[in-house]
């Protein structure tokens, strides 16, 4: 294997795949990045078995030559050293050549580097997915949907299935749900798919989705989602992002949502978030995060928290609209802030069934999103 | 105690003093910030016994009223919560009032906060320094001198005196020295002082100097340095920074510096630093940081490092000038990079006495700075 390549393009591609390198892997070959060179260009691969990322560098881009292939071939190079040394090479032109025993010579300007490479035959093969089930989503929407749900996954390994986000697609609607028993976030969107595609109980680890989100571009482009038996593949331009589907059945979260409510409150999202943030500062010092919301009268909501050691925070906010019974309810303010942060609406509707019943929150101007927070059972 | 104050000024002053708050203090009152209010304005104080910082907020600045004093007085408030809540207050106007038992009421816009305060009488008094020995240095120069030496202090507590920087002043020259047995950095400068001031063996902890450097402004202003028996006070505009002088005698570092040399090398500082940085990447993976410099001939220096597991990095750089014997010497590349980073000269002069003797480095265009690095004794 021998090639000349422009440093910046190699660097960019390395940055894409290193998100799949885990420092805690027990499989030596997976500490490396696989490089495959053929007449089409250069393909880099990295994997931690949970996710695998491939990034392709073409021979040319917009008419400019990026890569010169002298001899096709493959090698696996230690990810950390390879990544750092490429970043710091003195010249923008880089020559990479694999010699005997996978010793790889990298030269750039006055610098000569020899890296002990590994046998690419030992590198695990990526899954071959049948591309029957493809849904195409705009990168901007996908990024937003992941951001609006993934924060609510469970971080506890006691029920592994809840560390994932549930994806389902039916009748042209894509729906994502995350839930950790004390809160739930769901978001859906209308997607035009070709043919009659439907999938259910596709659960993807929250951690993997956070990595995916770093790769999704801000500018809009279609992302193809390929759903297979135990893997999902996201195609982002020249990047292929594979992630494992978590084993097990996701619980039915619809039962958690009350069917009727005593009270409906509409309030300014930003003002509520800011007041809860101040009360959270105090409750966080107590390590409880408990904040109380009291509907004082039709026009006034009070947010408060108190600590015998530190003091008290109290604040009153005007309601936009309040229908139903007045009540006082305590909740985990961190969970409430997480939800308020991702709600994309100036006003929010909060529905209460009673001080011991789940709190339901929706943006005022669309029904594509729902957040649920369980109240604290306090004695006051 | 009661006052009205503009949030941004209170906030700025809090940011100054919190640098002296230690999360690991065992003295409860020192987890707080002391607030003193008198007819001159507001003074905040924080201390971790090693350093103490005072910041003063005047009644008005540039003709604008900043503080309205309603009742003078004092209180101590828990630093972390106080700092965070002030930052997040909804309005720019803040009222602070101390009521019974030091309970402190803070109000701003719709937010009402009560903080359990502590008795200011319990707060330790700051040292009263006799202002006989004052040296005035420009903030820019002081900042540079601290940055160019402090990195070389010892981080090991086995000889505490070496965790500090030695300050001396004599015949209008201020000199700073840091040394950790394997390297040394020194920097001096001409300072005009009034009267015949002289001090020696003033050792200030490197950690304290790093905190001081964060407070020194980039724009130029004179900083008064007051040296007393066991404290040094730095006066930075409205901030007073007190730091303890370390106990013990600093070793005589002049004996470390060879009096004559076999070889003098002049070389491009940036090119040398970049080449060593690449070799360092490999040696760091081996956890040795060993890099070898070989003077090949009058025109060529080779920088290299190698690792049986990872590979090899080799690079040749042109010399600017080379006089004396050729040699090959190994050293800790991290130490070399630290020194090269603070050398403010395009070319550097490196002096060698032999492969087992200290390496001396100086900027080519002035003699105010000297770096020493001990070589590694390798068998190759």
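All of the numbers you see were taken from the coordinates with simple rules; none came from a lab. Note that the structure is predicted; figures quoted are calculated from it, not measured. Here the Cβ positions follow ideal geometry from the backbone for every residue, glycine too, while neighbour counts run over all protein chains shown.
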*Report relative contact order for the range B:2-122 in percent, whole number only (criteria: Cα-Cα under 8 Å, sequence separation at least 6).*
29 percent
*Report the residues of the range B:1-45 in range of a label on residue B:122: point 7 Å along Cα→C-beta, backbone N strictly under 11 Å from it.*
B:27-32
*Set the Förster distance to 30 Å, then compute FRET efficiency between residue A:207 and residue A:345 from the Cβ-Cβ distance, nearest 0.05.*
0.60
*Highest GNM mean-square fluctuation, chain A, Cα pairs closer than 10 Å: which of A:257, A:202, A:239?*
A:257
*Mind checking the full-extension length gain between residue B:95 and residue B:229? Use 0.36 nm per residue of separation minus the Cα-Cα distance, one decimal, nm.*
44.2 nm
*B:156, B:47 arranged by Cβ crowding within 10 Å, fewest neighbours leading*: B:156, B:47
*Against the longest principal axis of chain A, how steep is helix A:333-342, in degrees 0 to 90 to the nearest 10, with axes from Cα atoms?*
60 degrees
_Give me the base-10 log of I(q)/I(0) for the range B:127-166 at each q in 0.18, 0.26, 0.35 Å⁻¹, Debye formula, one uniform scatterer per Cα, rounded to two decimals._
-0.73, -0.86, -1.07
*Please list the equivalent ellipsoid semi-axes of the range A:257-376, computed as the square roots of five times the alpha-carbon gyration tensor eigenvalues, in descending order and whole angstrom.*
22, 15, 14
*Set the Förster distance to 51 Å, then compute FRET efficiency between residue B:298 and residue A:316 from the Cβ-Cβ distance, nearest 0.05.*
0.05
*For q = 0.19, 0.24, 0.26 Å⁻¹, what log10 I(q)/I(0) does the range A:90-164 give under the Debye formula with an equal point scatterer on each alpha carbon and no solvent?*
-0.87, -1.12, -1.20
*Note the angle between two axes, namely the Cα long axis of helix A:7-17 and the longest principal axis of the Cα atoms of chain A, as a number of degrees from 0 to 90, rounded to the nearest 10.*
50 degrees
*Could you work out the helix-only [θ] at 222 nm for the protein assembly as shown, with each DSSP H run of four or more residues adding -39,500 (n - 2.57) and the total divided by the number of residues, to the nearest 500 deg cm²/dmol?*
-5500 deg cm²/dmol
*Evaluate the distance, in nm, between pseudo-label points positioned 7 Å from the Cα of residue A:247 and of residue B:15 along their respective Cα→Cβ axes.*
5.2 nm
_Cα Rg, Dmax, the range B:2-122, angstrom units_ = 13.4, 42
*Under 20 Å from the 7 Å Cα→Cβ point of residue B:266, by amide nitrogen: which residues of the range B:296-324?*
B:296-302, B:317-324
*Exam field: residue A:222 pseudo-label spacings to other copies (7 Å along Cα-Cβ), nanometres*: 7.2
*Gain on full stretching of the segment that runs from residue B:155 to residue B:49 - 0.36 nm per residue minus C-alpha separation*: 36.2 nm
*Dividing the convex hull volume of the alpha carbon atoms of the range A:1-62 by its residue count, what do you get in Å³ per residue?*
93 Å³
_Spatial extent of chain B: Rg and Dmax, with the Cα atoms as the point set, Å_ = 25.5, 81
*State the residue of chain B whose Cβ is nearest the axis carrying B onto A, and the distance in whole angstrom.*
B:23, 14
*Which distances in nm, rounded to one decimal and ordered from shortest, link the label point of residue A:87 to the equivalent label points in the other identical copies, with labels set 7 Å from Cα toward Cβ?*
2.6
*By count of other Cβ within 10 Å, fewest leading, how are B:56, B:16 ordered?*
B:56, B:16
*Which value in nm describes the separation of the simple spin-label points at residue A:328 and residue B:198, placed 7 Å from the Cα toward the beta carbon?*
7.4 nm
_Pairwise centroid distance, computed over Cα atoms, of the range B:74-129 with the range A:307-380, Å_ = 29 Å
_Kirkwood-based shape ratio for the protein assembly as shown, expressed as Rg/Rh from alpha carbons_ = 1.03
_For a quick check: sort A:280, A:376 by the number of other beta carbons within 10 angstrom, fewest at the front._
A:376, A:280
*Pairs of alpha carbons in the range A:311-374 whose separation is greater than 12 Å (percent)*: 73 percent
*Rel. contact order, % - alpha carbon contacts under 8 angstrom, at least six apart, the range B:257-376*: 30 percent
_Label 7 Å beyond Cα on the Cβ vector: residue B:126 copy-to-copy distances, nm_ = 6.2
*Counting pairs of alpha carbon atoms under 8 Å apart in space and at least six apart in sequence, what relative contact order in percent does chain A give?*
13 percent
*Would you mind telling me the antiparallel percentage of the DSSP bridges in the protein assembly as shown, rounded to 5?*
100 percent
_Can you compute log10 of I(q)/I(0) for the range B:187-292 with the Debye formula, treating each Cα as one identical point scatterer, at q = 0.09, 0.14, 0.15, 0.21 Å⁻¹?_
-0.46, -0.95, -1.00, -1.14
*Can you pull a Stokes-Einstein diffusion coefficient for the range A:134-251 at 20 °C (1.002 mPa s), Rh from Kirkwood over Cα pairs, as a whole number of µm²/s?*
150 µm²/s
_Principal-axis tilt of helix B:269-285 within chain B, Cα atoms, nearest 10 degrees_ = 90 degrees
